[in-house]
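To start, the structure itself, in structure tokens.
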Amino acid sequence: MTRRLFGFGFLLLLQPLTAQTKPEEGPQVRFLAERVPDNLGEVVIQNGDNKSAPFKLPVNQLSPPIAAAARTFVLKSGDKGQPLCPVTLPETGKSFAVILVLAPPAAYAPIVVRTDDPEFKAGDVFFINRSTQTVLAKLGDTKLALKAGESKKSHPTNPVNNTYYDIAFATQEGEKTKMISTTRWPIDNLLRSYVFFFTTAEGATSFRAVDEYMTPPPQ
């Protein structure tokens, strides 16, 4: 009898522990748009009946993390529910950046970057070439060629005095190379960046960078 009571009591003790066990959380997504039309307003992500709270698409920083109910969803306008683009997240990973590039006649096409990938580290740069030219980059001693429409991740090497990197961007037009910019990037161990190359209204190639500040590692 004592054993039965002990067994019943042990099961009762287990029940609160079982009830407190939380299901595995779904993926988190952050958005960054190449450009946002003035009349777009807020947007939502939706999978079936699951819909996020409305939010605005940022162009100069990543949005706050948004919980996705599934790895496949649709980005929609918040007022009319008009589909803007479908998004499919990779099966591996729990944290993603969704970079939205213009894709007429649809609104956007997504470029999905896994931000909890251990190979995507501080100091890395994710390049998106939205210009009509091939872009050449020299990141310290690292060389990179980016065709029109391509996106690639890279990392500067060989800093000067262990302080900064010499950076140069140019376009390749046939046999000619045309300089875009030369600059210096300081070393920052809590920062990685997304760089858009684009064609200006005057037909020149330019770029803009969006920085992502990373959580410091535990002490």
Considering only segment 199-210, how many residues are more than 19 Å from T177 (Cβ to Cβ) and either in a strand (DSSP E or B) or touching a residue at least 24 places away in the same chain (Cβ under 8 Å) (or both)? 3
Filtered residues of segment 178-198 (kept if part of a strand (DSSP E or B), under 23 Å from F31 (Cα atoms) and hydrophobic (A, V, I, L, M, F, W, C)): L191, V195, F196, F197, F198
Only one of these is closer than 23 Å to V210 by Cα and either open to solvent by 40 Å² or more (accessible area, probe 1.4 Å) or among the acidic types (D, E) (or both): V59, V87, V44. Name it. V59
List the number of the failed condition for A145; all other conditions in (1) touching a residue at least 24 places away in the same chain (Cβ under 8 Å); (2) part of a loop (DSSP other than H, G, I, E, B); (3) surrounded by fewer than 17 Cβ atoms within 10 Å (Cβ to Cβ); (4) not basic (K, R) hold. (2)
Picking from A122, A106, A137, the residue that is touching a strand residue (DSSP E or B) at 6+ places or on another chain (Cβ under 9 Å), open to solvent by less than 80 Å² (accessible area, probe 1.4 Å) and not in a loop (DSSP other than H, G, I, E, B) would be A137
Candidates L75, L100, filtered to the one that is under 21 Å from K153 (Cβ atoms), part of a strand (DSSP E or B) and either touching a residue at least 12 places away in the same chain (Cβ under 8 Å) or not charged (D, E, K, R) (or both): L100
Can you name the residue in segment 179-210 that is exposed (fewer than 13 other Cβ atoms within 10 Å of the Cβ) and charged (D, E, K, R) and is also nearest to the chain's Cα centre (by Cα) among such residues? R208
From the list P58, P64, pick out the single residue that is modelled with pLDDT of 95 or more, within 15 Å of P27 (Cβ to Cβ) and under 16 Å from the mean Cα position of the chain (by Cα). P64
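I need the full set of residues from segment 163-177 which are assigned to a strand (DSSP E or B) and either within 15 Å of L139 (Cα to Cα) or modelled with pLDDT of 95 or more (or both), in order please. Break it down stepwise before answering.
First, pick out the residues of segment 163-177 that are assigned to a strand (DSSP E or B): 164-173, 176-177.
Within segment 163-177, Y164, Y165, D166, I167, A168, F169, A170, T171 meet the criteria.
The values are calculated or read from the model by the stated rules, or taken from the named source; none is laboratory data. Every value quoted in this text rests on a predicted model; they were computed, and no experiment measured them. Reconstructed Cβ throughout: ideal geometry from the backbone, glycine too, with neighbour counts over all protein chains shown. Note: accessible area is taken over every heavy atom of the protein model, side chains too, but ligands, DNA and RNA are not part of it. Shrake-Rupley method; radii C 1.70, N 1.55, O 1.52, S 1.80 Å.
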